[in-house]
Amino acid sequence: MKRALFKGVCGLGLAVVLLLCSSPAQALVSGAIFTTLPDGSAVNFNIYPSKDSVYLDGGPPPGAPQTAAGLPDGTYVFQVTDPSGKTLLSTDPANCRQFTVANGIITGVVNVGGCQHVTGLDIDHGAKTVQLMPYLDTPNNGGEYKAWATPLQNYLDGCEAFGVANGLSVVDCGYTGGDDHGFVPGFSKTDNFKVKNNAVNREIDTHFLDAQGNEITGICEIWGDSLGVLNPRCSLNNFAIGVNGWAHVENVENGIHTFTFTDQPGCAVGDVTIALSQPQYFHGPQTVSVKVTPNWKSGTLTIWVRCN
């Protein structure tokens, strides 16, 4: 049975509202993507100095084992949009925007005769990174973008729903709710990033604690962004971006975000605390939803999960 609904406003003037209580825990979704520098090192909470410095990485975040958040093997298509997903910013045909994954990491781009994207070499696991350029400037006033990746067959199916027989041959298959240019949120992974924006980032950090209150690394949550795309976020140490043992979601856009906590090796979920001005408390595996509004200008919302 669901608990009663709670509402509250974050401390420090943050207009973040906890909407939904607990619901039955969802199954973990394998795989994740993130934006990074050419060598796979993250920097400045995903705020980049130029569009051409942004590269796509897939699977384990920096410092995590290769088995963490590995994408399923296969061929993928990627795109860049505004944060809402409505405006496609990538300018080359989808055929040029393909990459391959094996053993949970990106192994390269698909050679299509010269238009494939530039790659870099990740400092971890020998993975490849893929440059997102070319793409247009975002219409978002905060300089925010969204990178997407989806399996090739799911992309082709998404384009076919628009009547496009071969989605690889076009730049844009079309847009409708639930199908963003051939990328269906339920079959896609995303990561938001900013370019040339000096504003302090909005972020949501989850701390997984043992019985003594120490941070536990390698514990994962499932974050659902405002478009309903599910991505794992795992607690880790990445001092380059100021992460010291927690799971980190950066550049949080407006809308409803979900966080699913499940029992897993190293963490049987106990108490869950949302650090609002009036903290909200839950217990056991569950999904909570957080609404982010424009009134929250910057800062960090913290979630505490006690592992039994």
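The values are calculated or read from the model by the stated rules, or taken from the named source; none is laboratory data. Predicted model only: the values in this text are computed from it and were never measured. Note: ideal-geometry Cβ built from the backbone for every residue, glycine included; neighbour counts use all protein chains shown.
Among the residues of segment 287-298, the one identified as in contact with a Cys (Cβ under 8 Å, 6 or more places away or on another chain) and at pLDDT below 95 is TRP296. Every condition in (1) surrounded by 16 or more Cβ atoms within 10 Å (Cβ to Cβ); (2) more than 13 Å from the chain's Cα centre (by Cα) is met by VAL229 except one, and the failing one is (2). Of all the residues in segment 235-259, those that are modelled with pLDDT of 90 or more, under 18 Å from GLY59 (Cα atoms) and not small (Gly, Ala, Ser) number 3. Could you look through segment 55-78, keep only residues that are modelled with pLDDT of 90 or more and within 22 Å of ILE204 (Cα to Cα), and pick out the one that is surrounded by the most Cβ atoms within 10 Å (Cβ to Cβ)? Looking at the filtered set, the residue picked out is ASP57.
Considering only residues that are of a type in the set (Val, Ile, Thr), surrounded by 15 or more Cβ atoms within 10 Å (Cβ to Cβ) and touching a residue at least 40 places away in the same chain (Cβ under 8 Å), which ones fall in segment 86-110? Answer for segment 86-110, where residues must be of a type in the set (Val, Ile, Thr), surrounded by 15 or more Cβ atoms within 10 Å (Cβ to Cβ) and touching a residue at least 40 places away in the same chain (Cβ under 8 Å): THR87, VAL101, ILE105, ILE106.
Here is a yes/no grid of residues against (1) of a type outside the set (Val, Ile, Thr); (2) surrounded by fewer than 17 Cβ atoms within 10 Å (Cβ to Cβ); (3) within 30 Å of GLY178 (Cβ to Cβ):
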position	(1), (2), (3)
TRP223	yes, no, yes
GLY242	yes, yes, no
GLY255	yes, yes, yes
ASP271	yes, yes, no
THR287	no, no, yes
VAL292	no, no, yes
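Do the conditions hold for SER30, that is, is it buried (at least 17 other Cβ atoms within 10 Å of the Cβ), hydroxyl-bearing (Ser, Thr, Tyr) and at pLDDT below 90? In short, no. Is it true that ASP205 is in a strand (DSSP E or B), acidic (Asp, Glu) and over 27 Å from TYR145 (Cβ atoms)? Considered against the rule, which asks whether it is in a strand (DSSP E or B), acidic (Asp, Glu) and over 27 Å from TYR145 (Cβ atoms), ASP205 comes out as no. Go through the residues of segment 111-118 one by one and say whether even a single one is touching a helix residue (DSSP H, G or I) at 6+ places or on another chain (Cβ under 6 Å), surrounded by fewer than 21 Cβ atoms within 10 Å (Cβ to Cβ), assigned by TED's automatic domain parsing to the domain that holds LYS51 and modelled with pLDDT under 95. Within segment 111-118 (the criterion being touching a helix residue (DSSP H, G or I) at 6+ places or on another chain (Cβ under 6 Å), surrounded by fewer than 21 Cβ atoms within 10 Å (Cβ to Cβ), assigned by TED's automatic domain parsing to the domain that holds LYS51 and modelled with pLDDT under 95), the answer is yes, since at least one residue qualifies.
Could you tell me whether segment 127-149 includes any residue that is among the aliphatic types (A, V, I, L, M) and touching a His at 6+ places or on another chain (Cβ under 6 Å)? Within segment 127-149, one or more residues are among the aliphatic types (A, V, I, L, M) and touching a His at 6+ places or on another chain (Cβ under 6 Å). In the set THR190, THR176, which member is β-branched (Val, Ile, Thr) and touching a residue at least 60 places away in the same chain (Cβ under 8 Å)? None of the others qualify; the one that does is THR190. Given ASP137, ASP122, which one is surrounded by 18 or more Cβ atoms within 10 Å (Cβ to Cβ) and either within 30 Å of SER298 (Cα to Cα) or touching a strand residue (DSSP E or B) at 6+ places or on another chain (Cβ under 8 Å) (or both)? None of the others qualify; the one that does is ASP122. Of everything in segment 155-193 that is among the hydroxyl-bearing types (Ser, Thr, Tyr) and either buried (at least 24 other Cβ atoms within 10 Å of the Cβ) or outside the structural domain of PHE99 (by TED's automatic domain parsing) (or both), the residue that is nearest to GLY85 (Cα to Cα) is THR190. Considering only residues that are assigned to a strand (DSSP E or B) and modelled with pLDDT of 95 or more, look in segment 130-148 and name the one that is farthest from LYS194 (Cα to Cα). Among residues in segment 130-148 that are assigned to a strand (DSSP E or B) and modelled with pLDDT of 95 or more, the one farthest from LYS194 (Cα to Cα) is VAL130. Of all residues in segment 260-286, exactly one satisfies the criterion of being among the hydroxyl-bearing types (Ser, Thr, Tyr), modelled with pLDDT of 95 or more and in contact with a Gly (Cβ under 8 Å, 6 or more places away or on another chain), namely THR260.
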